[in-house]
Protein chains: 2
Amino acid sequence: MKGIRQLAKHLDISIGTVSRALNDKPDVNEETRKRVLAAAEELGYVANQSGRSLRQGTTNVIGLMIEASQETVENGDNFFLSVTGGLQSVFTRHKLDLVMLPCPSDEDPHEYLKRMVARRVVDAMIISATQRIDKRIDFLSKAKIPFVALGRSSSGGNYPWIDLDFEGVAACAVARLVAKGHRRIAIAAPSTDINLGYVFVDAYRQALERHGLEFDPSLIIRVKSSEQGGYQAGTELLQLENRPTAIILIYELMAIGLYRRMVEAGVVPGRDLAVIGFREEPRARFLQPTLTCFRLSLRDLGTKLAETLLATMPAYSALYPKGAQNTIWPLELAPGESDAFTITP
Amino acid sequence: MKGIRQLAKHLDISIGTVSRALNDKPDVNEETRKRVLAAAEELGYVANQSGRSLRQGTTNVIGLMIEASQETVENGDNFFLSVTGGLQSVFTRHKLDLVMLPCPSDEDPHEYLKRMVARRVVDAMIISATQRIDKRIDFLSKAKIPFVALGRSSSGGNYPWIDLDFEGVAACAVARLVAKGHRRIAIAAPSTDINLGYVFVDAYRQALERHGLEFDPSLIIRVKSSEQGGYQAGTELLQLENRPTAIILIYELMAIGLYRRMVEAGVVPGRDLAVIGFREEPRARFLQPTLTCFRLSLRDLGTKLAETLLATMPAYSALYPKGAQNTIWPLELAPGESDAFTITP
DNA sequence: CTGAAAGCGCTTACAG
DNA sequence: CTGAAAGCGCTTACAG
């Protein structure tokens with residue numbers, strides 16, 4: 001089936017009526033609508049998206065930009081694939097399609113985004129891995145493209161974002177460890193300029209302060225956000241003089257590498273070293289002793305992301321009252337055995 | 001910058017000339033072309049893709065369909081993200097953009113594909129995770145949409161595909177094990193209807209036959225393609241009477257779960273049980289003893305996939321001589337310690 | 001409730 | 001080498 005013209009001819013009615021029937025417009029005879037829908041189904045007609053887009057000025061496509069960094073790839077980090085389900089559950093209601101736009105690793109993310117937006121392949125964008133200073137945010141704001149960011153940034157002033165509750169996680173982790181008698185608590189933070197690193201370390205500092213503990217910069221161990229990074233963090237931790245008795249990890253898979261390094265060194269997590277991981281992750285579920293970490297539903301996060309985005313789009317904002325356009329997403333403590341011992345001074 | 005009309009007005013020339021200049025057509029004055037390109041850059045003009053698509057009949061977008069199954073997500077399987085780099089390196093040369101189309105887990109993959117194709121959001125498709133009988137292949141063939149499949153299938157007769165050399169891997173693994181004296185060799189295969197399972201098990205059977213070993217169906221352990229599946233395979237292996245002395249795994253992350261199960265049972269891989277893994281994977285690199293497995297470049301695989309696809313597209317086939325439209329992609333043995341012992345009967 | 005017509009933003013024969 | 005015009009496939013005021 002080529003186009004609406006053939007379908008209309010086949011039904012012996014005008015293309016206008018066919019279009020109205022297909023698009024659920026109210027002013028169509030019920031009988032006519034049924035005939036049209038049946039014929040479309042039978043002949044496999046679906047409206048050409050370019051034609052629609054050109055006329056309507058919208059593509060009905062939402063882009064999720066992802067950066068396939070070496071690290072992400074090696075980690076097998078499927079954070080986004082999980083969020084995707086939640087996003088789609090909302091978008092489907094409005095016949096919006098989600099496409100993932102992988103930025104080639106050799107292209108500047110900002111340039112890539114500009115190109116995609118300028119070509120108008122999407123109506124709106126979801127960006128993530130926000131940097132502390134992120135040009136993409138300024139660009140999208142200025143270009144008035146609806147968007148939502150997964151992650152805060154110092155850029156762009158007021159813009160829609162959702163971020164994980166790093167403060168809550170840091171505060172909870174520090175409080176637990178302090179309650180068990182720990183005084184020297186290390187933290188494994190990312191070595192990149194990603195904004196969550198700053199947020200997390202700040203919150204850790206403040207939590208220490210609240211508990212009257214001195215902040216020691218040497219306890220911030222900067223490593224890659226990966227299993228290997230966790231291993232590296234383990235190595236650096238072992239080399240610290242006056243070795244910390246506890247460590248908080250900012251990335252879920254670090255725990256696996258850290259455990260391995262500890263086992264190699266004869267240091268037993270949960271007995272000689274308290275470990276608190278970040279996000280609960282299937283692959284870390286089998287660590288022995290079980291890892292204390294934090295739980296969240298990536299699907300629900302995706303749903304919220306989608307709703308936040310739609311609230312900023314004129315065509316949908318009525319359905320999704322704007323309200324809080326910035327959300328701190330809570331994580332729930334999932335206690336394990338990795339920090340279940342008490343330090344006696 | 002709104003559209004080509006404004007840009008043309010700004011330059012005081014016709015939109016036709018602007019278009020020709022922007023699209024590298026030969027019949028444009030060099031001076032004019034420079035002025036146009038400069039103005040476009042300055043004003044941030046990029047052609048609206050819907051307009052282009054409608055006129056040209058092509059979208060210049062290639063779709064990579066991915067199925068975000070529960071398993072894939074939990075595994076953190078980033079096979080595709082890695083292949084993406086290779087795909088893009090080829091597509092970029094032709095100003096083609098790659099988008100990943102995630103099929104919602106509650107939608108039938110075949111219906112999803114039909115919808116995407118009918119809406120003409122992409123010029124061509126890359127599909128994967130091919131089933132033994134895969135309706136998508138018949139559909140794409142019939143609809144004459146250029147496509148390439150990552151994975152063979154029994155469907156569709158003659159169509160372009162690339163697949164990993166499962167035969168080679170199975171043959172090599174069995175030969176190695178037999179040479180070390182193993183007579184009872186188990187194999188962990190996928191429990192789903194994915195075609196690679198059939199191909200791999202067949203090749204394993206044939207390899208046994210070549211070495212004069214009897215095929216024992218109880219040695220085919222069907223489990224999920226995941227870490228957990230590997231663990232499960234370990235459990236089942238331990239329960240087998242006349243326990244096999246070796247196991248071949250069909251999925252890379254199975255090794256991690258299998259090792260864990262073996263350690264729990266006091267069975268030492270590389271001493272009490274020979275293990276040969278499938279694809280070399282960063283996360284399995286730290287297993288002790290090191291895993292014998294097979295190496296391939298996912299980036300190169302992506303490049304080949306892209307080239308195979310372009311060879312089937314009329315607009316590019318001249319540049320990519322069709323030649324072999326079916327490729328068996330070789331894997332290179334990466335010997336480790338996990339199968340380095342000899343059985344003495 | 002339906003039809004005829006305009007026009008979304010481009011590219012591309014066609015004239016000159 | 002450039003301009004004027006047609007037309008890709010739709011949706012949507014506008015008339016009736």
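The values are calculated or read from the model by the stated rules, or taken from the named source; none is laboratory data. Quick caveat, the model's predicted, so the values are computed rather than measured. FYI the Cβ positions are ideal-geometry reconstructions off the backbone, even for glycines, and counts take in every protein chain you see. For the accessible areas, the whole protein counts, side chains as well, though only heavy atoms, and no ligand, DNA or RNA atoms are used. Shrake-Rupley method; radii C 1.70, N 1.55, O 1.52, S 1.80 Å.
Descriptive notes on the structure:
- For chain B, share of DSSP beta bridges that run antiparallel, in % to the nearest 5: 10
- Lys, Arg +1 and Asp, Glu -1 on Cβ, resulting dipole of the range B:89-162 about Cα centre, debye, nearest 20: 300
- Calculated FRET efficiency, B:Val268 to B:Ser191, Cβ-Cβ distance, R0 = 25 Å: about 0.40 to the nearest 0.05.
- Mean shadow area of the range A:304-345, taken as a quarter of the surface of its Cα convex hull (nm²): 5.0
- Remark on the range B:4-47: ratio of C-alpha radius of gyration to 2.2 N^0.38 Å is 0.97.
- Projecting the Cα atoms of A:Ile62, A:Ile185, A:Leu319 onto the charge dipole of chain A, computed from C-beta unit charges around the Cα centre, puts A:Leu319 farthest toward the positive end.
- Most simply put, the range B:201-345 has about 35% antiparallel DSSP beta bridges, counting only bridges with both residues inside it.
- Per the Debye formula on identical point scatterers at the alpha carbon atoms of chain A, with no solvent, log10 I(q)/I(0) at q = 0.13 Å⁻¹ is -0.99.
- Placing +1 on each Lys and Arg Cβ and -1 on each Asp and Glu Cβ, with no other charges, gives the protein assembly as shown a dipole about its Cα centre of roughly 2020 debye.
- In the assembled protein chains, B:Cys172 presents an accessible area of approximately 40 Å² (probe radius 1.4 Å).
- Surrounding net charge for B:Met262, when Lys and Arg each add one and Asp and Glu each subtract one, Cβ distance under 11 Å: +1
- Spacing of the two label points (7 Å from each Cα toward its C-beta) at A:Thr344 and B:Ala143, in nm: 7.1
- Estimated FRET transfer efficiency (B:Ala175, B:Ser154; beta-carbon r; R0 30 Å; 0.05): 0.65
- Amide H contacts under 5 Å for B:Tyr251: B:Phe278, restricted to partners 5 or more places along the chain or on a different chain, H placed in the peptide plane at 1.01 Å from N.
- Note on B:Ser14 and B:Phe215: the extension gain reaches 64.9 nm, defined as 0.36 nm multiplied by sequence separation minus the Cα-Cα distance.
- Looking at the protein assembly as shown, the DSSP beta bridges with both ends there are about 10 percent antiparallel.
- Under 5 Å between amide hydrogens, built in the peptide plane, is the criterion, and for A:Ser128 it picks out A:Leu150 among residues at least 5 positions away or on other chains.
- Residue order for B:Leu238, A:Leu37 - accessible surface, 1.4 angstrom probe, largest first: A:Leu37, B:Leu238
- Test item: A:44-55 mean partner chain Cβ contacts at 10 Å: 6
- Helix axis angle, B:109-118 relative to chain B longest principal axis, alpha carbon, degrees: 20
- Estimated FRET transfer efficiency when R0 is 25 angstrom, pair A:Arg115-B:Arg55 (beta carbons, to 0.05): 0.80
- Spatially near lysine pairs across chain B, Cα under 18 Å, sequence gap of 8 or more or different chains: 10
- Computed from Cα positions, the angle between helix A:30-43 and the longest principal axis of chain A comes to roughly 70 degrees.
- Inter-copy spacing of A:Asn23 label points, which lie 7 Å from Cα along Cα→Cβ, given in nm from shortest upward: 2.7
- Stokes-Einstein diffusion for the range A:35-159 at 20 °C, viscosity 1.002 mPa s, with a Kirkwood radius from C-alpha pairs, works out to 132 µm²/s.
- Label point distance in nm, A:Phe286-B:Arg183, each placed 7 Å from Cα along Cα→Cβ: 3.1
- Leading residue at positive end of dipole, chain B (Cβ point charges), from B:Ser105, B:Gly157, B:Ser141: B:Ser141
- Relative contact order for the range A:1-139, counting Cα pairs under 8 Å that sit 6 or more residues apart, in percent: 25
- With a cut-off of 14 Å between beta carbons, the residues surrounding B:Pro330 carry a summed charge of -3, where Lys and Arg count +1 and Asp and Glu -1.
- Compared with the dominant Cα axis of chain B, that is its longest principal axis, helix B:227-239 is turned about 20°.
- Histogrammed with a bin width of 5 Å, the alpha carbon distances of the range A:166-295 distribute as 2, 12, 24, 26, 23, 11, 2, 0 percent, first bin at zero.
- Using alpha carbons only: equivalent-ellipsoid semi-axes of the protein assembly as shown, gyration tensor based, whole Å: 46, 36, 23
- About the centre of its Cα atoms, chain A shows a dipole size close to 1060 debye [charges on the beta carbon of Lys, Arg (+1) and Asp, Glu (-1) only; nearest 20 debye].
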